[in-house]
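We did not get these values from a lab; they are worked out from the coordinates using the rules stated. In this text the structure is predicted, and so the values were computed from the model without any measurement. Note: ideal-geometry Cβ built from the backbone for every residue, glycine included; neighbour counts use all protein chains shown.
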């Protein structure tokens, strides 16, 4: 007889045992608890192991109904029609649960519409993909979307403790945290790993952190503590590889984090910061690509989202580097702190009223667009009390070389035009 997997044996049988209800619409939860009125037709959207199938079964168990389960991978319109025909013969309502509903094409999804609308069946669909992109607008208009998130750390700990009790093992707090970490918020994955660990367990001493770490390494699961030192070590190695223009190393460290369960958004945020801090105006397209990578990932998710991330990593690693904008930022901030209350020079002030004009507001201002090359030479824009040395000094790399040459040309134009404007004007 085939042994039932631990994840199935520990599947919650009541709403009280289900983790994540507090993240759902309270009115929906109240309706399921009370089992009053019509069975809600909903789309359960969330990552693997977040409880979509379990919640669907709990809905079916709460209402007095016929619960029918189909998989969109193995079923088609013919199967849906058979369910509908049986539903018409029954006195009690039918709840049809379709797993991976996003795999149905437009025509297959349209087959649900008249039966959901007529109340012949209540439809609960589960998907790991964004319903906005994979489900038709007609179907979405008839169903509510409930978003399930990866299990929180506290929920994973409870799942792990239940698994330990069932398997007759006891982990240390540190070793339990490793299972929680590699699970990536997936309760089913955590339990499956825990069950495999119990089968491989030869000595109770293996329940220590080192024993669990060795098991996970052999099982091909990288150990990566998002709240510990290793998180910061690998993130540091990732950034330093980018800064050192080593695309191969940056790819390794970046995808080592993702493979170990790190949220890809963390890596992409680092890429956005790096594009501005370490590349800057040497290649302004770097920041554009990094921001576009964030948008692309939000659009398509994993696993395909790894492709634009890899593109961004390789582009940023091989782009010309300059931190001169970042240096300029710090110089400007130092100047602000050193002279926080200096007044705006009169020639830079607007004069919207006659009174302000009479007081000298805007007097002597030169409009650059009326000057040759749209440049008013020797106009002083910094106030008295602020050091006159440049904050921004472009490098001679990439696009900044062009900026550097332009600034040098502007200085030459100013030198030919005469002395600097008096800051008191």
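Descriptive notes on the structure:
- Stretch gain in nm, segment residue 349-residue 134, where the contour uses 0.36 nm per residue and the Cα spacing is subtracted: 71.9 nm
- Centroid-to-centroid, using Cα positions, the range 72-122 and the range 242-309 are 41 Å apart.
- Extended-chain gain in nm, criterion 0.36 nm per residue less alpha-carbon gap, residue 71 and residue 236: 55.1 nm
- Helical runs (DSSP H, four residues minimum) scored at -39500 (n - 2.57) apiece and divided by the length of the chain put the mean residue ellipticity at 222 nm at -15000 deg cm²/dmol.
- Rounded to 10°, Cα long-axis angle of helix 324-338 versus longest principal axis of the chain: 70
- Cβ crowding within 10 Å ranks 104, 67 as 67, 104, fewest other Cβ atoms first.
- Full extension of the chain between residue 314 and residue 14 yields a length gain of 103.2 nm, computed as 0.36 nm times the residue separation minus the alpha carbon distance.
- Taken over the range 112-165, the convex hull of the Cα atoms encloses 110 Å³ per residue.
- Selected from 274, 133, 112 as most flexible by GNM, with the chain as the system and alpha-carbon contacts under 10 Å: 133
- Translational D in µm²/s for the chain (Stokes-Einstein at 10 °C, 1.306 mPa s, Kirkwood Rh from C-alpha pairs): 59
- Residues 183, 415, 137, 395, ranked from the fewest to the most other C-beta atoms within 10 Å, line up as 137, 415, 395, 183.
- Share of Cα-Cα pairs in the range 338-417 lying beyond 16 Å, as whole percent: 66
- As a proxy for reagent exposure, ranking 257, 356, 346 by other Cβ atoms within 10 Å from fewest up yields 356, 346, 257.
- Result for the chain in a Gaussian network model with C-alpha springs under 10 Å: among 244, 107, 184, the largest mean-square fluctuation is at 107.
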